[in-house]
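Here is the structure we will look at, set down as structure tokens.
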Amino acid sequence: MVTHTCSSAGIRAHVLWRRRSEPRWIHWKIRSPGSGTRAPRRKGVRSLVLESSPALRTAGFAFTAWRNAFRALDALGVGDKIREQHLQAQALRVMSSSTGEVAQELDLTAVQKNRSGPNEIRCVRRDALLQTLEEELPRGTIRYSSRIVSIEDGGGVRILRLADGSTLRAKVLIGCDGINSVVAKWLGLAEPSYSGRMAARGLAHFPDGHGLEPKFLQFIGRGFRSGMRPCNQTDVYWFFTWTPSENDKGVIESGSKLKQFVLANLTALKVPPMALAVIERSETSEVFAVPLRFRPPLSLLTGSISKGSVCVAGDALHPMTPDLGQGGCAALEDSVVLARCLGKAVLGDGARSGTESQRIEEGLREYAGIRRWRSVELVATAYVVGFIQQSNNAIGGFLRDKFLSGFLARRLLKMAEYDCGTLWSC
């Protein structure tokens, strides 16, 4: 994101720079708080979104939005719009791929002990989220076909050189450019590591309705981890993770081969027929696979999340394996915290002194401090949960199915308890 000018009276910033098709748009609004029924006063900051693709597009189809994500979406003012389009999950059912038995089932409608309120979990279509956020932006905010190839210092500003040969000067640069982030590389963050696992994902359409219960199903063990989640009454998202071997070469060459690979593996296990039917229903054009990578937690502890007026968010900051379903949620958390920290820096909260550029740098350091430990916790926990759930070890599988499944399921809910605060307070 490039912020060109700012107003001392107020700020309204919008979306972070997004690269390729990753749904890491960070949208924020900062308003001067009023009292009673007094309408908040708004003024603006010119901002620009650099989108590398020629048009708005998505990959990944859907993502799990837990309670923490909806807290962030509510802070951004779009939570109810997303709720209207997606089903609330009533239960989380974890099943053993080895025995076909239910290892754990959590009622998501009940208020859990020591929780601050009811659970909220929906499978959100990425295109619906992006469209909702795009509608909040003034015309001309997004500049398409704008891929950054290098970043240079330029006397208090950052000089951005784009692939088309053009140059931009930015007072503030926020990189939300995904796992291969140019901004993260400029900051010196370690390259993401390969987890040794792959993930296939797909979306099944049922024009006349899928008829499934609003439950999130997950199948674990035997070296695989798979699941399915209804997004709404007609769309069902599914995933399948595995550790590739020499025999798997070529399976990701096409959607058709990948789909048959997933079906062959799940058919050999004790997976309900409805799960196979969902995958069968998917068009091959809507099936793809990616290697699962993560940023080593130690590098997040020691690396630079911000430097001067530059920082990162979303997958550019904390790429993680999908085993917690928290990647997109964490990016939304980033947006609220970042907006709040920048807002205090630009608007002034009486606690900061110095020039505007000094306050912005201090605000970004505050953001980095808040998000560092949260990022470490999410990345590390996701890796461990995935390792346990996908384990093919006989002893490990027995312990997981009989004793650890409940703990792991409750851990998912625990991670969703995080409250990023509002745009004005934590």
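The values are calculated or read from the model by the stated rules, or taken from the named source; none is laboratory data. What you see is a predicted model, and the numbers here were worked out from it, not measured in a lab. Virtual Cβ from ideal backbone geometry, glycine too; neighbours counted across all protein chains shown. The area values use the complete protein model at the heavy-atom level, side chains included, leaving out ligands, DNA and RNA. Shrake-Rupley method; radii C 1.70, N 1.55, O 1.52, S 1.80 Å.
Restricting to the stretch 303-325, count the residues that are farther than 19 Å from SER181 by Cα and in a helix (DSSP H, G or I).
2
Condition (residue is polar (S, T, N, Q), closer than 30 Å to GLN90 by Cβ and either in contact (Cβ under 8 Å) with a residue 40 or more places away in the chain or open to solvent by 30 Å² or more (accessible area, probe 1.4 Å) (or both)) applied to the stretch 159-176: is it met by at least one residue?
So far as the stretch 159-176 goes, no, none of its residues is polar (S, T, N, Q), closer than 30 Å to GLN90 by Cβ and either in contact (Cβ under 8 Å) with a residue 40 or more places away in the chain or open to solvent by 30 Å² or more (accessible area, probe 1.4 Å) (or both).
Name the residues in the stretch 215-252 that are at pLDDT 95 or above and farther than 30 Å from TYR194 by Cβ, would you?
Matches in the stretch 215-252: PRO230, ASN232, GLN233, THR234, ASP235.
Would you be able to tell me the number of residues in the stretch 55-82 that are among the aliphatic types (A, V, I, L, M) and without any contact (Cβ under 8 Å) to a residue 24 or more places away in the chain?
The qualifying residues number 0.
Quick one: how many residues across the stretch 257-284 are over 27 Å from the mean Cα position of the chain (by Cα) and of a type in the set (S, T, N, Q)?
3
SER146 passes all but one of (1) touching an Asp or Glu at 6+ places or on another chain (Cβ under 8 Å); (2) of a type outside the set (Phe, Trp, Tyr); (3) part of a loop (DSSP other than H, G, I, E, B); (4) open to solvent by 60 Å² or more (accessible area, probe 1.4 Å); which number fails?
Tallying (1) touching an Asp or Glu at 6+ places or on another chain (Cβ under 8 Å); (2) of a type outside the set (Phe, Trp, Tyr); (3) part of a loop (DSSP other than H, G, I, E, B); (4) open to solvent by 60 Å² or more (accessible area, probe 1.4 Å), SER146 fails exactly one: (4).
Mind listing just one residue for me: the one in the stretch 94-106 that is open to solvent by 50 Å² or more (accessible area, probe 1.4 Å) and either of a type in the set (Phe, Trp, Tyr) or not in a loop (DSSP other than H, G, I, E, B) (or both) and, of those, farthest from GLU213 (Cα to Cα)?
VAL102
Taking GLY154 as meeting all but one of (1) more than 23 Å from VAL183 (Cα to Cα); (2) modelled with pLDDT under 85, write down the number of the exception.
With respect to (1) more than 23 Å from VAL183 (Cα to Cα); (2) modelled with pLDDT under 85, GLY154 is out only on (1).
Do you know which residues across the stretch 268-302 are open to solvent by 20 Å² or more (accessible area, probe 1.4 Å), over 29 Å from ASP248 (Cβ atoms) and either in contact with a His (Cβ under 9 Å, 6 or more places away or on another chain) or part of a loop (DSSP other than H, G, I, E, B) (or both)?
Correct list: empty.
From the list THR58, THR64, which residue is modelled with pLDDT under 85 and within 16 Å of the chain's Cα centre (by Cα)?
THR58
Could you check, for the stretch 183-194, whether at least one of its residues is in contact with a Pro (Cβ under 8 Å, 6 or more places away or on another chain) and part of a strand (DSSP E or B)?
Yes: one or more hits.
Yes/no matrix, rows are residues, columns are (1) over 30 Å from ASP419 (Cα atoms); (2) in contact with a strand residue (DSSP E or B) (Cβ under 9 Å, 6 or more places away or on another chain); (3) in a strand (DSSP E or B):
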residue	(1), (2), (3)
PRO118	no, no, no
CYS123	no, yes, yes
GLU134	no, yes, no
ARG139	yes, no, no
GLU152	yes, yes, yes
GLY156	yes, no, no
ARG161	yes, yes, yes
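Could you please tell me which pairs satisfy a Cβ distance under 7 Å, a separation of 6+ or placement on different chains, a first residue in the stretch 83-105 that is under 17 Å from GLY325 (Cα atoms) and without any contact (Cβ under 8 Å) to a residue 40 or more places away in the chain, and a second residue that is of a type in the set (Phe, Trp, Tyr) and in a loop (DSSP other than H, G, I, E, B)?
none
In the stretch 326-365, which residues are in a loop (DSSP other than H, G, I, E, B) and touching a helix residue (DSSP H, G or I) at 6+ places or on another chain (Cβ under 7 Å)?
Across the stretch 326-365, the qualifying residues are GLN326, ARG352.
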